[in-house]
Amino acid sequence: MKIHEYQAKQLFKDAGIPVPAGALAETPEAAATIASELGGVVAVKAQVHVGGRGKAGGIKVVRSPEEARAAAQAIIGMDIKGSKVNKVWVEKGSSIAREAYLGITLDRSNRSILFIASAAGGIDIEEVAAHTPEKIIRFHTFDTTFPEAEARAAAGKLFEDEAHAGPALEIMRKLFDLFVVKDASLAEINPLVLTGEGQVVALDGKLNFDDNALFRQPDIEALRDMAEENPNEIEAKAKGLSFVQLEGDIGCMVNGAGLAMATMDMVKLYGGQPANFLDVGGSSNPEKVINAFKLILSSGTIKAVLINIFGGITRCDDIARGILESFKQIDISVPVVVRLTGTNAEEGLRLLEGSNLIPAQTFAEAVRKVILAAGGTVVEAHS
Amino acid sequence: MSILLDQSTKVLVQGITGRDGSFHARQMIDYGTTVVGGVTPGKGGQTLHGVPVFNSVKDGVAATGAEASVIYVPAKFAPAAIMEAADAGLRLIVAITEGIPTLDMLKVYHEVRRRGITLIGPNCPGLISPGKAKIGIMPGSIHRPGRVGVISRSGTLTYEIVYALTNLGIGQSTCVGIGGDPIVGTGPMDLLPLFEQDPDTDAVVLVGEIGGDEEERTAEFIRQHIKKPVYAFIVGHTAPEGKRMGHAGAIVSGGSGTAGSKIKAFAHAGVPVANTIDELAEITRIGLAGLR
């Protein structure tokens, strides 16, 4: 799960990591008021989850409340990579002497928590990593113990002066504690700045969290911004389905994440465009199938639906009952191709006899049929 | 032969009195697995499906000599259940449970590895040595005893692939669903050497997903250490960046973990990558025919 910069900064502040003073505004007037209270130079920053806000014009540095009002006017309502800006964070300007980078994330390759630090921080950190990897410091911890010695050495490389390296080390420690205590999957400060006044401050921050751990992080779950999420994906989650919206016109209903991905890939490979990823999950009660149909049909312009079920825990007769019930409850006017294999497949297929569904025996046949049913042309994919 | 599991492996079912645990204990017994008991705290002394229920894994091991366990307990309690099995001295632990927090698995992973225990999963369908025994939730009927090893992160996709192999008359030695989470106990690089050494495995089918760089590293590992043929399949070509595709591990981020990068790595290692499941079964069939 992702949160906004202003929420990350509040968590930083609560954890004792220095951040510039600021406040959230939803209107230009509020932005002007905050700017006037802060005084002097302020930054007006779009609050959206996508990266690259600055380059998209979503961050403006201004010198007066009037300019802050104008900046907020321009930014609120702006569309940044598909995310509409509803709020701006108005923050006291910082004089920047140095920009460093600090990140903590999970390293799957060696099952560790990875620290990444660089004296060359800022918006071009990816360029630094790509072209001058020697400027990136990396170290690990294999449990939830803070790697004191490596962190101390890294802090000394970010800021040579002990008066600044000491605070940087404390920030690393606090960011790591936050990462562990809140079940983060990414904690990043970029830039971590040394101000003209000699303070080490988190000028921008990003926190992502482990979805599997949200059950024990209610305060983090409460930070979820529904405006940033696809309403269908939220709806799906509430119904125990796993759903991701795509841009095509062939709806997919599959059991299991791997098979759902393979189904999308096959549709595309044979010349169709999948409209979604949808995993109905393991034990499939008919209700889940109905909810899945509703989700698929509510999302954009669906021309046909492919139901691909490999029964294991999932019983094909349960799925068949769900399909029949869906046709009673919902107006399904597009062709539906069904392929059932595995546990209780014969019983499931028998239940569907006499319906308008298009049956298919194999995965490949099902994909070909759904593309034709959607009015498309099948591209024979074999190499 | 087979790897990790055969009909002599004595298995305890942790969470045997729960809905899934009970159902799959029955299925495992019917398939031929030597299920020697179950564990549910507070329900020791009962009997289910003809096997005793114990209060703890330790009690179960003392009474039955069990060497493996399968875990069907909810995510909240699963890390403790894995550690309980490890503390009781089991050599093989299979965690079916999905949704375990990553930081919990980080601790569990290093602890079980340090002790030399094989942990399969979590968030996996388990493993099966066809015709001998299964530990997990896969439908036994689609499998067929034979000489191809299968390694996959997925559940139903693995069934689909096994089914395609079986339909072409290609049997399997052992099929392992390693799990879809960012941290799983056993990866392809742990299993490939076991298949390499197994005299009854001739080739390995490897199924990967987008996310992480395990496939890339596995490709390099194969190039250096594995002589038996490996055939690969990758899913997630159509997955958009930054979206989690059901499995916590299946997410493309910052341009890394893409299907393209994985296919390229396998190609570099001389591992054929199939475009479709049917093609995967077909290239495996042709490859095996060439070995004879």
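The values are calculated or read from the model by the stated rules, or taken from the named source; none is laboratory data. Fair warning: this is a prediction, and the values are worked out from it, not measured in the lab. Here Cβ is always computed from backbone atoms with ideal geometry, including for glycine, and neighbour counts include all displayed protein chains. All accessible areas refer to the heavy atoms of the entire protein, side chains included, with ligands and DNA or RNA removed. Shrake-Rupley method; radii C 1.70, N 1.55, O 1.52, S 1.80 Å.
Only Lys, Arg, Asp and Glu count, each charged at its Cβ (+1, +1, -1, -1), so figure out the dipole size of region B:1-159 about its Cα centre, rounded to 20 debye.
So the dipole magnitude of region B:1-159 works out to roughly 280 debye.
Averaged over peptide A:155-163, how many Cβ atoms belonging to another chain are found within 10 Å of each residue's Cβ?
Average per residue, whole number: 0.
Looking at the P(r) of the protein assembly as shown, how many percent of alpha-carbon pairs lie beyond 50 Å?
17
Could you pull the accessible area for A:ARG321 with a 1.4 Å probe, rounded to 10 Å²?
100
Of B:LYS58, A:LYS9, A:LYS239, A:LYS303, which has the most accessible area with a 1.4 Å probe, and how do the rest follow in descending order?
Of B:LYS58, A:LYS9, A:LYS239, A:LYS303, the descending order of accessible area is B:LYS58, A:LYS303, A:LYS239, A:LYS9.
For the protein assembly as shown, give the magnitude of the charge dipole about the Cα centre (Cβ charges: +1 Lys/Arg, -1 Asp/Glu; no others), in debye to the nearest 20.
Using Cβ point charges on Lys, Arg, Asp and Glu, the protein assembly as shown gives about 900 debye.
Given a 1.4 Å probe and every protein chain left where it sits, what share in percent of the accessible area of the protein assembly as shown is carbon and sulfur?
52
How would you rank A:52-58, B:226-232, highest first, on the average number of other Cβ atoms within 10 Å across their residues?
B:226-232, A:52-58
In peptide B:96-104, how many Cβ atoms from other protein chains are near each Cβ within 10 Å, on average?
6
Can you pull out the buried accessible area for chains B and A, both sides counted, probe 1.4 Å, rounded to the nearest 100 Å²?
4100
Using +1 at the Cβ of each Lys and Arg and -1 at the Cβ of each Asp and Glu in chain A, identify which of A:GLY54, A:GLY311, A:GLY166 lies farthest towards the dipole's positive end.
The residue sitting farthest along the positive end of the dipole is A:GLY311.
Over the whole of A:247-259, what's the average partner chain Cβ count within 10 Å per residue? Rounded to a whole number, please.
5
Ordering B:LYS10, A:LYS288 by how much accessible area each has at a 1.4 Å probe, largest first, what is the list?
B:LYS10, A:LYS288
Can you find, among B:ALA250, B:HIS24, B:LEU103, the residue farthest towards the positive end of the dipole of chain B? Put +1 on the C-beta of Lys and Arg, -1 on that of Asp and Glu.
B:HIS24
Pairwise over distinct Cα atoms, reciprocal of the mean inverse distance: report the Kirkwood radius of region B:135-292 in Å, one decimal place.
Evaluated on region B:135-292, it is 15.6 Å.
Share of antiparallel DSSP beta bridges in chain B, in percent to the nearest 5?
20
May I ask which residue of B:VAL273, B:SER261, B:LEU291 lies farthest towards the positive end of the charge dipole of region B:239-292, with charges of +1 (Lys, Arg) and -1 (Asp, Glu) on Cβ and the Cα centre as origin?
In region B:239-292, that residue is B:SER261.
So if R0 is 51 Å, what FRET efficiency would A:LEU324 and B:HIS268 give, r being the distance between their Cβ atoms, rounded to the nearest 0.05?
Taking R0 as 51 Å, the efficiency between A:LEU324 and B:HIS268 is 0.55.
Any idea of A:LYS92's accessible area? Nearest 10 Å², probe 1.4 Å.
Solvent-accessible area, nearest 10 Å²: 90 Å².
Report, in deg cm²/dmol and to the nearest 500, the calculated mean residue ellipticity at 222 nm for the protein assembly as shown, where each DSSP H run with n ≥ 4 adds -39500 (n - 2.57) and the sum is divided by the residue count.
Value at 222 nm, helices only, nearest 500: -11000 deg cm²/dmol.
Return the lysines within reach of B:LYS132: Cα separation strictly under 16 angstrom, same-chain partners fewer than 8 residues apart disregarded; answer none if there are no such residues.
Output for B:LYS132: B:LYS10.
Nearest 5 percent is fine: what portion of the DSSP beta bridges confined to the protein assembly as shown is antiparallel?
If I count the DSSP bridges inside the protein assembly as shown, around 55 percent turn out antiparallel.
Using the crude model of +1 on Lys and Arg Cβ and -1 on Asp and Glu Cβ, and no other charge, please compute the dipole size for region B:144-288 relative to its Cα centre, in debye to 20.
100
For chain A, treating each Cα as an identical point scatterer without solvent, what Debye log10 I(q)/I(0) comes out at q = 0.09, 0.10, 0.11, 0.12 1/Å?
Relative scattering, expressed as log10 I(q)/I(0), comes to -0.69, -0.79, -0.89, -0.96.
Kindly flag which residue pairs out of A:LYS237/B:LYS58; A:LYS60/B:LYS262; A:LYS2/A:LYS239; A:LYS294/A:LYS369 have an alpha-carbon separation exceeding 29 Å in this structure.
Pairs exceeding the cut-off: A:LYS237/B:LYS58; A:LYS60/B:LYS262.
Å³ per residue of the Cα convex hull, for chain B?
117
State, as an integer percentage, the relative contact order of chain B based on alpha-carbon contacts under 8 Å between residues 6 or more apart.
Computed over chain B, the figure is 14 percent.
Where does each of A:TYR270, A:TYR6 land when they are ordered by accessible area, with a 1.4 Å probe and the largest first?
Of A:TYR270, A:TYR6, the descending order of accessible area is A:TYR6, A:TYR270.
For A:VAL181 and A:VAL379 in the same chain, what is the full-extension length gain: residue separation times 0.36 nm, less their Cα-Cα distance, in nm?
Computed gain between A:VAL181 and A:VAL379 is 66.2 nm.
Select from region A:284-325 all residues whose loss of accessible area on going from the chain by itself to the full protein assembly reaches 20 Å² or more (probe 1.4 Å).
Relative to the lone chain, where solvent access is computed with a 1.4 Å probe, region A:284-325 loses at least 20 Å² at A:PHE310, A:GLY312, A:ILE313.
Please report the antiparallel percentage of DSSP beta bridges with both residues in region A:238-383, rounded to the nearest 5.
Around 20 percent of the beta bridges assigned by DSSP in region A:238-383 are antiparallel ones.
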